[in-house]
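Asker: What follows is a single structure, and I will ask about it in a moment.
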Amino acid sequence: MYSSKSYGSWEGKKVSLQYQITHRNEQIRLPEEDVEAILRLAGWEETPTFLTEGRTAWYKLKEPVAVEGGITVKAVKMKGVGVWNPEGRHADEFQKVPIPPTDRVYMREAAHFGFHTDGTLKEIYSEDAPYGGICHHRAIREYENAEILCRNGVPSILPYLVIEYPDLLFKGQTMGAVLSLCSEAEPYRLLFLGWDNRYVDANVLEYYKEIQEVLGISGDLREASTKLRMSQKIGEQFGRAVRGLSESGLFIHSGGWENIQFSRESGRIFLTDLDSTRSQSGLLERMRPVQALRDFVSNLYRYVNKLYYPKAISVYGTEELLEYDVVFHLMKGYLYEIEDDTLKQAAKEIWRFFMPYFDMMKKNEGKLEDIPKDIRKSFKFDTDLFYLVCLNLLYPLFLRTESNTIGKDFYSPEELLINTKAYLGSRFAYLEMHLSGLNDASLPISAV
């Protein structure tokens, strides 16, 4: 076990932390020079490097290291070792320079949509997280989830170390950090691919251009058609990875493109940020298939919800979104056993739900940055209604797949629809209109 008590300074103050390694991947051996440097950063003997805003620091290895499975790792993702928040996006405060982990509560934006154990519907709030840090049990969770995904062939960060800070407590729980290995030297995510290039850092744009070349996509990256053709291929990979996560016995993954990276070496996306992901062993067996599909619907939600983001909406028009139909490609990756025509019809209903909201935003695209954020949010669709449209459209299709989450006893589409009606009340009529648009006899419209 490594430990440290002697640290440098932060803003002129002595930083006094102590850490110990509680988990270590013995199958991966990094050069001792890198290991020592990583631990100095984790212990704040030196200030960790944050290449992007948030609570994840980044360390580039001195040289790429080949590990088991033919993977070459180039960097260490260090989650929970502090925070850099120069523009105040991650809380109602600013950090022009990185600071160590704190015991303050990180700002939470919204509830998630999910299920009670009996199958009724509810809003679920994430447990509070420390600002700039992570609780030790969640650091272990990310490490173990990455182990499971790697073992099952699902592209993911590679687990390396878990560190505990025994003197740092958040609501009575010990804090820690999780260190994972990445095949990319930079921490760039895929979120900004959908943005207008004027708002994207030049280094990130260069990274996207290299991905474009790897994917074999021609065209100008400033054009919507190029971005959407890239998104088609990435979307299919993402859908397949989320299916793999479920079939590895896990559930809950924050399905935004901000939580995936792309390996230019392998030509594949890989999942990151796994501390919220949990084992399906805590679920009733009959609820596992619908919980698995809920994760994928989160993926759909986070994709379309970013299309009318102020920095993205100028890129796209309705015709282009429908022509390239990334929603269909996401579904094709996840529901790969289902025939394309059926998936295209389901995608059409999802677009039909979304497009009135997109068009309203599009008409005001030049003014969006001037509209207060809370008012702008009121122009968007109801999150729960989107989830329920997608769940009720796609659940009968998911039950036709060969997913290992589907046992002999499973939550039925009829139960889902009945619980949906009870939850939505008068709003159910709007949802029913979209369900009736899909000509699939397996949809249980008559259940209510």
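Asker: Which of (1) modelled with pLDDT under 95; (2) in contact with a Phe, Trp or Tyr (Cβ under 7 Å, 6 or more places away or on another chain) is the odd one out, the single condition Leu228 does not satisfy?
Answerer: (1)
Asker: Moving to a separate point now. Which of (1) over 29 Å from Glu63 (Cβ atoms); (2) without any contact (Cβ under 8 Å) to a residue 60 or more places away in the chain is the odd one out, the single condition Phe192 does not satisfy?
Answerer: Among (1) over 29 Å from Glu63 (Cβ atoms); (2) without any contact (Cβ under 8 Å) to a residue 60 or more places away in the chain, Phe192 violates only (1).
Asker: Follow-up. Starting from region 139-162, take each residue that is farther than 16 Å from Gly244 by Cβ and at pLDDT below 95 and list its partners that are among the acidic types (Asp, Glu) and surrounded by 24 or more Cβ atoms within 10 Å (Cβ to Cβ), counting only C-beta distances under 6 angstrom and pairs at least six apart or across chains.
Answerer: If the second residue must be among the acidic types (Asp, Glu) and surrounded by 24 or more Cβ atoms within 10 Å (Cβ to Cβ), no pairs are left.
Asker: In this structure, is Glu265 closer than 24 Å to Val67 by Cα, modelled with pLDDT under 95 and not hydroxyl-bearing (Ser, Thr, Tyr)?
Answerer: yes
Let's see how each residue does on (1) polar (S, T, N, Q); (2) modelled with pLDDT under 90; (3) touching a helix residue (DSSP H, G or I) at 6+ places or on another chain (Cβ under 6 Å):
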{"site": "Glu337", "(1), (2), (3)": "no, no, no"}
{"site": "Asp359", "(1), (2), (3)": "no, no, no"}
{"site": "Leu388", "(1), (2), (3)": "no, no, yes"}
{"site": "Leu399", "(1), (2), (3)": "no, no, no"}
{"site": "Gly437", "(1), (2), (3)": "no, yes, yes"}
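Asker: Quick one: how many residues across region 227-267 are of a type in the set (Val, Ile, Thr) and closer than 16 Å to Asn152 by Cβ?
Answerer: 1
Asker: Ok, one more. If I filter region 36-46 for residues that are of a type outside the set (A, V, I, L, M, F, W, C), touching a residue at least 24 places away in the same chain (Cβ under 8 Å) and out of contact with any strand residue (DSSP E or B) (no Cβ under 9 Å at 6 or more places or on another chain), do I get at least one hit?
Answerer: Among the residues of region 36-46, at least one is of a type outside the set (A, V, I, L, M, F, W, C), touching a residue at least 24 places away in the same chain (Cβ under 8 Å) and out of contact with any strand residue (DSSP E or B) (no Cβ under 9 Å at 6 or more places or on another chain), which makes the answer yes.
Asker: Something else: Among Leu168, Leu205, Leu179, which is the only one that is aliphatic (A, V, I, L, M) and not in a strand (DSSP E or B)?
Answerer: When all the criteria are applied, what remains is Leu205.
Asker: Further question: What are the pairs, 6+ residues apart or on separate chains, where a residue within region 313-335 that is without any contact (Cβ under 8 Å) to a residue 24 or more places away in the chain has its Cβ under 7 Å from a residue that is of a type in the set (A, V, I, L, M)?
Answerer: Phe328/Leu343; Phe328/Ala347
Asker: Another question, then. Which ones in region 400-434 are among the small types (Gly, Ala, Ser), assigned to a helix (DSSP H, G or I) and either buried (at least 18 other Cβ atoms within 10 Å of the Cβ) or free of Cβ contacts under 8 Å to residues at least 12 places away in the same chain (or both)?
Answerer: Hits for region 400-434 are Gly425, Ser426, Ala429.
Asker: Considering Ile163, Ile211, Ile140, which residue is farther than 30 Å from Ile338 by Cβ, out of contact with any Pro (no Cβ under 6 Å at 6 or more places or on another chain), assigned to a helix (DSSP H, G or I) and not charged (D, E, K, R)?
Answerer: Ile140
The values are calculated or read from the model by the stated rules, or taken from the named source; none is laboratory data. All values derive from a computational prediction rather than experimental measurement. Note that we place each Cβ from the backbone using ideal geometry, even for glycine, and neighbour counts take in every protein chain shown.
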